[in-house]
Amino acid sequence: SQMVRKANAPGDASMPVATGEPADFASISPTGKWMSWVDPAGHLVIMKVATGETHKVPEPGEVLSAASWSPDDTHVVVEAFDWGAPGVYMADVTSGRALRLTAADGGEGMPAWSPDGARVVTVSEREGKPALWVHTHVEDYVTLLATRDEPGAFARPARLKMPAPPGARRFRNAK
């Protein structure tokens, strides 16, 4: 009979990360300096890998995708449900400030940042059916996040805050 050799299982080199809570939609920055995930409440959590230090991005609060990272590790784009439809938001990794990047009535999401940092591609229903859209105004938003301080650029009235539809995230029982 032929001897069957078992390779080392990939899981042998895996280890858990202590997040202190359930985690969904995980991602890691291009350099590996940062990790991110979405907590049970729907907020994006960003962890500095070297120290384990974490902070939550306060708004948007119903994140529906893993973060897509800028090539320089300084910003992320995510899909989040707010204003009545999914939209794409850019967040500054260190300040946690976020700004809406898209506004499509039918919804827009699943953002991916190009490796050269110049573009973000999304899936949008702007014309009634899902299609790819490329956004080239990325640097303008990076500048806005760094320079605009008035709350109006980032906040919106609480009465306009809308929860994501049930089942939008994968958590079943977050206890």
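The values are calculated or read from the model by the stated rules, or taken from the named source; none is laboratory data. These figures come from a predicted structure and were not determined experimentally. When we count neighbours, we look across all protein chains shown, and the Cβ atoms used for this are built from the backbone with ideal geometry, even at glycine. Areas reflect the complete protein model, heavy atoms only, side chains present, ligands, DNA and RNA absent. Shrake-Rupley method; radii C 1.70, N 1.55, O 1.52, S 1.80 Å.
For segment 136-152, the set of residues classified as closer than 16 Å to V76 by Cβ and open to solvent by 10 Å² or more (accessible area, probe 1.4 Å) consists of E139, Y141, V142, L144, A146, listed by residue number. Of the residues screened, L64 is one that is touching a residue at least 12 places away in the same chain (Cβ under 8 Å), touching a Gly at 6+ places or on another chain (Cβ under 8 Å) and not acidic (D, E). Here segment 71-106 is the region considered, the condition is being aliphatic (A, V, I, L, M) and more than 14 Å from the chain's Cα centre (by Cα), and the residue that is modelled with the highest pLDDT is A85.
Here A103 passes the criteria (1) aliphatic (A, V, I, L, M); (2) closer than 24 Å to P166 by Cα; (3) in contact with a Phe, Trp or Tyr (Cβ under 7 Å, 6 or more places away or on another chain) except the one numbered (3). For segment 84-96, a tally of residues being open to solvent by 10 Å² or more (accessible area, probe 1.4 Å) and assigned to a loop (DSSP other than H, G, I, E, B) returns 3. Residues considered: V17, V49, V38. Of these, the only one that is closer than 22 Å to P163 by Cα and either among the hydrophobic types (A, V, I, L, M, F, W, C) or out of contact with any strand residue (DSSP E or B) (no Cβ under 8 Å at 6 or more places or on another chain) (or both) is V38. Within segment 26-37, does at least one residue satisfy the condition of being open to solvent by 20 Å² or more (accessible area, probe 1.4 Å), under 18 Å from S124 (Cβ atoms) and part of a loop (DSSP other than H, G, I, E, B)? There is no residue in segment 26-37 that is open to solvent by 20 Å² or more (accessible area, probe 1.4 Å), under 18 Å from S124 (Cβ atoms) and part of a loop (DSSP other than H, G, I, E, B).
Restricting attention to segment 2-15, does a residue exist that is polar (S, T, N, Q) and modelled with pLDDT of 95 or more? No; the residues of segment 2-15 include none that is polar (S, T, N, Q) and modelled with pLDDT of 95 or more.
Within segment 107-132, the set of residues being assigned to a strand (DSSP E or B) and either at pLDDT below 90 or open to solvent by less than 80 Å² (accessible area, probe 1.4 Å) (or both) comprises E108, G109, P111, A112, W113, V120, V121, T122, V123, S124, A131.
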